Structure formats: C-alpha cells, structure tokens
Amino acid sequence: MRLLIKEFYALSELQAAWDMPDRDIQYLIATSRLKLSIVVYSQTLVTVPPGPHLPTDAKRRVYSGMLDLNPSDAVAIFRQGEAPIACFSMPDGQAGHFPYFFREQTVTKVDELMVRHTERERVERQWLASRASDGAGPFGHSADYRS
C-alpha cells in the first residue's frame, strides 16, 4: 500500500502498510522503538522545562499540535483500546500535563494514535529494513537456483 507523504500518520495506516500484527506493533511501542503521539487542538496545557525546576517555572499555554506519549501510556492505549493520560513530552523537549492538578484525559486507540513522518522513516530504516535484506525481498533464489 502506498502512503501519501504527510507530517504524521494514523498508526492504523502504518500497521496496514507494514503488514504487521498487533503483537509486533506492541513490541515496538513497549521497547521504545516506536514513539506514538496524539494531536490536540487549542488544548490548555501546563509545560515544565527539562531538568530541575521550581513550581513557578510551570507555564500554562494553549497548544495545538503533536504531543508524544510515554511508552507505558502508549502500550496501555494500544492494548486496552483507551487509557487515561496526564503527562507527555512536548516537541520542544519540555514535559507537559493537562492542568488542574494532573487531570487525566482519556485517549482512545481509534484514529487518535499517530506516528510522525520522521518517526516512521526512522523505524523503517532501523527496524524494518532487515525484511528486504533477509531474502524475502523481490529478488531472491531457491536453494537449488532453479528459480
């Protein structure tokens, strides 16, 4: 299946393109080989800079864009179909959470789990490239070289 080159893809699109069963996707997520994200629109978030910080360093802001899920949250969503999340990673390296004392927000698997284009390329290059090099690609031969 060909995919349009986009900034991000639904996980279900890539799973179909990669022809990969749920167990393999779950393995990639659980071992941090595949980072999943969600897209939010005009969501109020609290962000905290990386490293040691004071409570006064937290900033409240309205954000639209991609948020990277922690691997444990991503696995829970993938396994159970949904899971509450409170914390995530921002694209600028900051930690983020939903306001109101880490209020959780439920994320569902259906069309909410996304993979960035750069993440897709990295996974295909590092973890899926071996498919073509193991003789299962379009060029190969039988043991007796008859075909």
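No value in this document is a laboratory result; all are computed from the given coordinates. Values in this document were obtained by computation on a predicted structure and should not be read as measured data. All Cβ positions, even for glycine, are placed from backbone atoms using ideal geometry, and neighbour counts span all protein chains on display.
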(request) Once you have a ≥ b ≥ c as the square roots of the Cα gyration tensor eigenvalues for the range 1-85, tell me rounded if a/c is under 1.5, and otherwise prolate or oblate according to whether a/b is larger than b/c. (result) prolate
(request) Mind giving me the nanometre distance, one decimal, between the label points for Arg79 and Arg61, set 7 Å out from Cα along Cα→Cβ? (result) 3.3
(request) Measure off 7 Å from each Cα along the Cα-to-Cβ vector at Thr106 and Glu124, then give the distance between these two points in nanometres to one decimal. (result) 3.5
(message) At 0.36 nm per residue, and after removing the present C-alpha to C-alpha distance, how many nm does the segment from Ala17 to Leu4 gain when stretched out fully?
(response) 3.6 nm
(request) Taking a cut-off of 21 Å between Cα atoms, list the lysines near Lys109, but don't count ones fewer than 8 places away on the same chain. (result) Lys6, Lys35
